[in-house]
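Worksheet: the structure to be examined is printed underneath.
The values are calculated or read from the model by the stated rules, or taken from the named source; none is laboratory data. Nothing here was measured: the structure is a model prediction, and the numbers come from that model. Cβ placement follows ideal geometry from the backbone for every residue including glycine, while neighbour counts extend to all protein chains displayed.
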Amino acid sequence: MQSKSHWDNIYTTKDSTQVSWFQQHPELSLQFIKQTGVAKTGQIIDVGGGASTLVDDLLDDGYHNVTVLDISKAALEVASRRLGSRGDFVTWLEADITKANLPSQFFDLWHDRAVFHFLTNPEDRANYVETVQRSVKRGGHVIVATFALDGPLRCSGLDIVRYSPDSLHDEFGDSFELVDTTSELHHTPFGTEQKFIYCYCRKG
């Protein structure tokens, strides 16, 4: 995983609405979350959520137990300030997901848009999947979005790994049932395009 200082620098030198991955409303993520049928009281974690507006929309939709994890304290502070007093209802975790010690069998839903593809080291990917296995409840939901095979080769000055739905599912293994996939053509704030794939799996 890339260094905390790299991501803190991004969020202290750029407006959070001007990074390439910014979405005013993460529509596909919200669609998948609603598709899971997870209860409004379910435990949801947004991995690499940082300054993302997903937490805003989840609170607006009535979800009560949202955790946002990010390696960058600066990114988390952007979201916390934006939410104001509503941020008191969110659990903010500053952590590297490849090393995070999350509670066992705790989360009903795991969401990650654009973290996993930064894990170029196979050991980091294995640690990530082990954390998902340990912290998501049996029958829980896992939604992961990465750059597609015809997506960018780099992002934020860093190398990434591109995936198809099958190759992304292979990283997680047969204990995760692949329920649904889709693709997204993301338009960045500065007019370029990025191709993503989304995978929704259910943990066995």
**Study point:** Single residue of the stretch 150-204 satisfying the filter (of a type in the set (A, V, I, L, M) and outside any strand (DSSP E or B)) that is surrounded by the most Cβ atoms within 10 Å (Cβ to Cβ)
**Key:** LEU168
Review point. Filter the stretch 14-66 for residues that are more than 19 Å from GLN194 (Cα to Cα), within 11 Å of the chain's Cα centre (by Cα) and not hydrophobic (A, V, I, L, M, F, W, C); which is modelled with the lowest pLDDT?
Key: GLY50
Practice item. Note down all Cβ pairs under 8 Å where the first residue falls in the stretch 35-58 and is farther than 23 Å from VAL129 by Cα and in contact (Cβ under 8 Å) with a residue 40 or more places away in the chain, the second is among the small types (Gly, Ala, Ser) and outside any loop (DSSP other than H, G, I, E, B), and they're at least six residues apart or on different chains. Key: ALA51/SER16; ALA51/ALA75; ALA51/ALA79
Review point. For THR131, all conditions in the list (1) among the polar types (S, T, N, Q); (2) more than 20 Å from ALA51 (Cα to Cα); (3) surrounded by fewer than 18 Cβ atoms within 10 Å (Cβ to Cβ); (4) out of contact with any Asp or Glu (no Cβ under 6 Å at 6 or more places or on another chain) hold save one; what is the number of the exception?
Key: (3)
Point to revise | Lone qualifier among ASP166, ASP170, ASP124, ASP180 - being within 21 Å of LYS34 (Cβ to Cβ), among the charged types (D, E, K, R), out of contact with any Lys or Arg (no Cβ under 8 Å at 6 or more places or on another chain) and modelled with pLDDT of 95 or more | key: ASP180
Revision key, fill the gap. In the stretch 99-115, anything under 17 Å from ALA75 (Cβ atoms) and at pLDDT 95 or above is listed as ALA100, HIS111, ASP112, ARG113, VAL115
Practice item. Report, by residue number, each residue of the stretch 134-149 that is in contact with a Ser or Thr (Cβ under 7 Å, 6 or more places away or on another chain), crowded, with 21+ Cβ neighbours inside 10 Å and free of Cβ contacts under 8 Å to residues at least 60 places away in the same chain. Key: ALA148
